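Below you'll find the structure, written out as structure tokens, and then a few comments.
We did not get these values from a lab; they are worked out from the coordinates using the rules stated. Small disclaimer: the values here were computed from a predicted structure and weren't measured. Don't worry about glycine lacking a Cβ; one is built from the backbone with ideal geometry, like all the others, and counts go over all protein chains shown.
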């Protein structure tokens, strides 16, 4: 299972943040982006819907410095990123999951080398319910029992809110399921981690985007669904989760970094970079902006969690 406890082991992240603070701030050691000359052209981005808002905000910030640069963003799902990179119709392939081995193999077969993976943010994949839903929390066995038809986590079918401990008006209230479509990296990540690679129930209302998942739950008192934490609104509530038992953890930055929140993940941008050669100047500068102080401020603004300075530096070094 992919957990961001790996992040703290690899990057020793925890010491870089005041984890007790409720205010998310970027690492003070992050350097401001330094504008350079000679940056022109067009960038095409094809991939994740989860990253759609982030990519748009990054594009707006970048274009303020480089008004002659044109940026086109298409966010229909992470599975559209590898083909776009392989067919060379996009320089950027944002993904809310890691690229699959078969996708990497197809890329490598064409170019003779692997795509370059750049981590750009941390996300808590949230399980949302209506803001008035009083459920205290769920463990992943219950989540699997709610969303899955195969029960890989040894649960039993759950179809009403009374089955997870709610009473009174909630006891017999049906659970209405919202999710993403199969092109989505969020769909694939949730399937792998929350459902133990099991199958979704046929009555999950598949939505084309993260915002429509949240909008559906906001209008359905018995609704539940999953989406990146950046799509949270005042009309829904991200419920605490546990791997098992009832030691529920909120989808906070602290719990993502220390591995306590079971659905923490990286958000990625993949690029086509030839070995031992720098990335083209336009794409390099865009990603350098993404991984700068200004770019990581955008991450916080959009509701996600920023990377530390040395992690950003390591990502930029991979591009040179």
_Full-stretch length increase - residue 192, residue 219 - with 0.36 nm per residue and alpha-carbon distance subtracted_ = 6.9 nm
_What whole-number distance in Å separates the alpha-carbon centres of segment 157-195 and segment 267-298?_
36
*Mind running the shape call on segment 124-264? Use the C-alpha gyration tensor, a ≥ b ≥ c as the square roots of the eigenvalues: rounded below 1.5 for a/c, prolate if a/b tops b/c, oblate otherwise.*
rounded
_Rounded FRET efficiency, nearest 0.05, which uses the C-beta distance separating residue 163 from residue 72 and R0 of 30 Å_ = 0.05
*Could you work out how far apart the two model spin labels at residue 108 and residue 235 are, taking each label as a point 7 Å from the Cα in the direction of the beta carbon, and quote it in nm?*
4.5
*Which shape class, rounded, prolate or oblate, goes with segment 38-150 when its Cα gyration tensor gives a ≥ b ≥ c as root eigenvalues, a/c under 1.5 marks rounded, and past that a/b bigger than b/c marks prolate?*
oblate
*Ordered by packing density, taken as the mean number of other Cβ atoms within 10 Å over each peptide's residues, highest first, how do 219-228, 296-305 rank?*
219-228, 296-305
*According to the square roots a ≥ b ≥ c of the eigenvalues of the Cα gyration tensor, what is the shape class of segment 205-296, taking rounded for a/c under 1.5, prolate for a/b larger than b/c otherwise, and oblate for the remainder?*
prolate
*Can you pull the one-decimal nm distance between simple spin-label points at residue 205 and residue 281, each 7 Å off the Cα toward Cβ?*
5.0
*Mind checking the full-extension length gain between residue 247 and residue 149? Use 0.36 nm per residue of separation minus the Cα-Cα distance, one decimal, nm.*
32.8 nm
*residue 36/residue 172 FRET efficiency (R0 51 Å; Cβ-Cβ; nearest 0.05)*: 0.20
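Hey, what number do you get for the chain at 222 nm if only DSSP H runs of n ≥ 4 count, each worth -39500 (n - 2.57), divided across all residues, to the nearest 500?
Calculated at 222 nm, the ellipticity per residue is -8500 deg cm²/dmol.
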*Once both labels are modelled 7 Å past Cα along the beta-carbon direction, what's the residue 25-residue 310 spacing in nm?*
2.0
*What is the fewest-to-most order of 169, 65, 95, 315 by other Cβ atoms lying within 10 Å of their Cβ?*
169, 65, 315, 95
*Return 247, 280, 260 ranked ascending by Cβ neighbour count within 10 Å, so the fewest neighbours appear first.*
247, 280, 260
*Once fully extended, how much extra length lies between residue 318 and residue 44, figured as 0.36 nm per residue of separation less the alpha-carbon to alpha-carbon distance?*
96.6 nm
*Over what distance in Å are the Cα centres of segment 197-236 and segment 51-123 separated?*
24
